[in-house]
Amino acid sequence: MTSRLDEAQRLRDLARLRRVRDRIDRDHAQPLDVEALARGVHMSAGHLSRAFRLAYGESPYGYLMTRRIERAMALLRRGDLSVTEVCFTVGCSSLGTFSTRFTELVGVPPSVYRRQAVAATEGMPSCVAKQVTRPIRNREASSGEAQLA
């Protein structure tokens, strides 16, 4: 009986985590913090962070920043906004934090990415460019290398 209750609770928690992830995907440009996300699904911030990391392999904040960087990459490929405008458009409030995180995920600073991406994706449909230029997190790259060996 206990295992059935534990399983039911686990499924409820997973549903709440999906709601958090969906909210981050939908509202990534809005000011979001772990406390607000946790309140929205009636969890403590600490429990949400632990459960989210266990389910998705990264913290809610890390997931949020990845979504913002992916959106920034698309805006930078368009080429009609400055790096600063892109930073604030995707929901970041600090250009320094944005540039640092962008460089960590993408491998080059936003200004360099903008110059390189415009030339590299010229003539490519945006849906293909998005897939080709998607950032690879360090843990994904290392697990992919292990599979190739």
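Go through (1) within 27 Å of Arg18 (Cα to Cα); (2) in contact (Cβ under 8 Å) with a residue 24 or more places away in the chain; (3) open to solvent by less than 30 Å² (accessible area, probe 1.4 Å) one by one and return the number of the condition Ser93 breaks.
The number of the failed condition is (3).
In region 17-64, what residues are buried (at least 18 other Cβ atoms within 10 Å of the Cβ) and either touching a strand residue (DSSP E or B) at 6+ places or on another chain (Cβ under 6 Å) or farther than 29 Å from Phe88 by Cβ (or both)?
Met43, Ala51
Please go through region 105-122 and pick out each residue that is open to solvent by less than 50 Å² (accessible area, probe 1.4 Å) and of a type in the set (Ser, Thr, Tyr). Even if it seems obvious, please write down each step before you answer.
Here is the first cut: in region 105-122, the residues open to solvent by less than 50 Å² (accessible area, probe 1.4 Å) are 105-106, 108, 110, 112-113, 117, 121.
Of everything in region 105-122, those that are open to solvent by less than 50 Å² (accessible area, probe 1.4 Å) and of a type in the set (Ser, Thr, Tyr) turn out to be Tyr113, Thr121.
What's the total number of residues in region 53-86 that are of a type outside the set (Val, Ile, Thr) and more than 18 Å from Gln116 (Cα to Cα)?
To start, the set of residues in region 53-86 that are of a type outside the set (Val, Ile, Thr) comprises 53-65, 67-68, 70-82, 85.
Checking which are more than 18 Å from Gln116 (Cα to Cα) leaves us with 53-65, 67-68, 85.
The number of residues fulfilling the criteria is 16.
From (1) part of a helix (DSSP H, G or I); (2) touching a residue at least 12 places away in the same chain (Cβ under 8 Å), pick out the condition that doesn't hold for Val112.
Single failed check for Val112: (2).
Could you go through region 69-82 and let me know if any residue there is at pLDDT 95 or above and over 21 Å from Ala120 (Cβ atoms).
no
Taking region 4-37, which residues are without any contact (Cβ under 8 Å) to a residue 12 or more places away in the chain and of a type outside the set (D, E, K, R)?
Correct list: Leu5, Ala8, Gln9, Leu11, Ala15, Ala36.
Scan Phe102, Phe88 and give me the residue that is part of a helix (DSSP H, G or I), open to solvent by 20 Å² or more (accessible area, probe 1.4 Å) and either among the aromatic types (Phe, Trp, Tyr) or closer than 16 Å to His28 by Cβ (or both). Show your work before the answer.
Values: Phe102 fails: open to solvent by 20 Å² or more (accessible area, probe 1.4 Å).
The match here is Phe88.
Which numbered condition trips up Asp80, out of (1) open to solvent by 40 Å² or more (accessible area, probe 1.4 Å); (2) in a helix (DSSP H, G or I)?
Failed condition: (2).
Of the conditions (1) of a type in the set (D, E, K, R); (2) open to solvent by less than 50 Å² (accessible area, probe 1.4 Å); (3) at pLDDT 75 or above, Arg137 fails just one. Which one is it?
(3)
The values are calculated or read from the model by the stated rules, or taken from the named source; none is laboratory data. Model, not experiment: these values are computed from the prediction. Quick reminder, even Gly has a Cβ in these numbers, built from the backbone with ideal geometry, and neighbours come from all protein chains shown. Side chains are part of the model used for accessible areas, which takes the heavy atoms of the whole protein and leaves out ligands, DNA and RNA. Shrake-Rupley method; radii C 1.70, N 1.55, O 1.52, S 1.80 Å.
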